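The structure under discussion appears below in the form of structure tokens.
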Amino acid sequence: MKKHNIKIEWDSAVEHVIIGAYNVNYGARSIKHEVERSVVSQLAKAHEKGLLKKNTVVKIEADITKGDHGNIFLKIE
């Protein structure tokens, strides 16, 4: 937040999707991979498109009715 002046918020559905990706064989790596795949990559794409500006609020939300674990998406305000 200090470096980019961007606020990130998420709801419990996002946590549910990320936790759903947990694999006992891979441990914490499975959660790290899910965060990178579903959150960090979307943030990077938004940054590349110039959507992340100072004082932006990024809301990370999830639709748990779709897919095996759910679908994570960003709302940029």
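The values are calculated or read from the model by the stated rules, or taken from the named source; none is laboratory data. None of the values given here were measured: they were computed from a predicted structure. Heads up, the Cβs are rebuilt from the backbone with ideal geometry, glycines too, and the neighbour counts pull from every protein chain shown. The area values use the complete protein model at the heavy-atom level, side chains included, leaving out ligands, DNA and RNA. Shrake-Rupley method; radii C 1.70, N 1.55, O 1.52, S 1.80 Å.
Results, tabulated for the structure shown:
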read-out	value
Residue count for segment 13-41, restricted to those that are closer than 15 Å to G70 by Cα, polar (S, T, N, Q) and exposed (fewer than 15 other Cβ atoms within 10 Å of the Cβ)	0
Of the criteria (1) outside any loop (DSSP other than H, G, I, E, B); (2) surrounded by 11 or more Cβ atoms within 10 Å (Cβ to Cβ), which one H69 fails	(1)
Segment 8-33 residues that are of a type in the set (S, T, Y), paired with ones that are open to solvent by less than 30 Å² (accessible area, probe 1.4 Å) (beta carbon under 6 Å, 6 or more apart)	Y22/S30; S30/A21
Filter result (surrounded by fewer than 12 Cβ atoms within 10 Å (Cβ to Cβ) and not in a loop (DSSP other than H, G, I, E, B)) within segment 46-58	E48, V57
Segment 30-56, residues that are over 16 Å from V17 (Cβ atoms) and of a type outside the set (D, E)	A44, K45, A46, H47, K49, G50, L51, L52, K53, K54, N55, T56
Qualifying positions in segment 4-26 - within 14 Å of the chain's Cα centre (by Cα), in a loop (DSSP other than H, G, I, E, B) and hydrophobic (A, V, I, L, M, F, W, C)	A21
